[in-house]
1. Place the peptides 197-206, 178-187, 35-44 in order of packing, highest mean first, counting for every residue the other Cβ atoms within 10 Å and averaging per peptide.
2. Using per-residue counts of other Cβ atoms within 10 Å, averaged over each peptide, order 212-219, 258-265 from highest down.
3. Taking K and R as +1 and D and E as -1, what net charge do the other residues with C-beta under 10 Å from the C-beta of Arg159 add up to?
4. In terms of modelled amide H atoms, which long-range or inter-chain residues lie less than 5 Å from the amide H of Val273?
5. So if I take the centroid of the Cα atoms in the stretch 23-38 and the same for the stretch 254-317, what is the distance between those two points in Å?
6. Residue-wise, which Karplus ³J(HN,Hα) couplings in Hz belong to the stretch 7-16, taking 6.51 cos²θ - 1.76 cosθ + 1.60, θ = phi - 60°, and x for glycine or proline?
7. Assuming 0.36 nm per residue, please report the length gained on full extension of the stretch Gln248 to Ala303 beyond their Cα-Cα distance.
8. Going by average Cβ neighbours within 10 Å, how do the peptides 244-257, 54-67 rank, with the highest at the top?
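Every number here is computed from the coordinates shown, using simple stated rules; none is lab data. Note that the structure is predicted; figures quoted are calculated from it, not measured. For neighbour counting, all protein chains shown are included, and Cβ atoms are generated from backbone atoms with ideal geometry for every residue, glycine included.
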Amino acid sequence: MTLNSDISTHSAVPDPRNADVQIYINGEFFQRDEAKISVFDSGFLVGDGIWEGIRLHHGEFAFLDRHLDRLEAAAAATAMEIGDRDFLTEVLQSVVARNNMTDDVHLRLMITRGDKKTPSQHPSNVIGGVNMVIIAEHKRPNPAVSANGLSLYTTTIRRPPPDTLDQKLNCHSKLHEVIALIQAVNAGADEALMLDPMGAVATCNATNFFIVRDGEVWTSTGQYNLNGITREVVLQVATDHGLTTRAQPFSLTDVYSADEAFATGTFAGLTPVREVDGRTIGDQPLPGSVTASLSTWYHQAVADDVAQRKSIRATAD
């Protein structure tokens, strides 16, 4: 089996500086090719871990409070001790300082329950505390992806209900999403569109999904997808600028006849979708007019959040 597509919402412009980034592991830094976790790590053994993807913008972590709120909620749901947000913020700052990073940086903060004394699920077999890894990379979204738009394929893999694996939990257990993505790529698409257990549109395999119909901005209920930070901000700025937003169930019929579609995520922001299941979405050049406006407002919200953090830091100093 050959997976040929390398186009996705996470496609980045190659940056040679990433060969020398320092990886944070439990208070120490390691060269990229020397960074290692035990084979007894809970995340490796049973997918027992939580994580956040965070962007560094002009020296500040965009929407850091929202990200830490989500991480703390995940830690509470999984009964994992991760330290307070002052500690987490200091660690994140130490990583970007160590790598001399200021802008166009993506950080992946991963926390697992820790090393086990034997391969098993039971938390009582953990030796010591959690394992924390932070990978920071110089990553700028590939502009060709946004210019050309994404093609999506509706996979047969459904998003599970909350009583199976709550999709609002940003955890390491992502195999259903990976299988969905493989199915989509093998069908000739860039990424997967996933439905909820009732057949309504839920989300993409790694990003949140929106459509635009008659000037209204639609997305799913949020019960079967990750509570995306970018998703939240897009809904907020749309409302602030007078657009009607709907977080409700809708079907593929609504998607195929939409005026515009786009995906949202921390790394790339808003990425236009050009087609779903072979159907071209809308009849205007990419990005569509509403998507373009939302993207502008989103980037302004990022700038405002960063400016506020800079002001707070200056006052504290």
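1. Top of the packing list down: 197-206, 178-187, 35-44.
2. Packing proxy ranking, top to bottom: 258-265, 212-219.
3. Numbers: positive: Arg158; negative: Glu177, Asp196.
Cβ neighbours under 10 Å give a net charge of -1.
4. Leu150, Ala261, Phe262, Ala263
5. 34
6. 9, 7, 5, 10, 5, 10, 6, x, 9, x
7. Values: separation 55, 0.36 × 55 = 19.80 nm, distance 2.92 nm.
Result for the pair: 16.9 nm of gain on full extension.
8. On the way: 244-257: 14.6, 54-67: 20.3.
Going by the mean number of other Cβ atoms within 10 Å, highest first, we get 54-67, 244-257.
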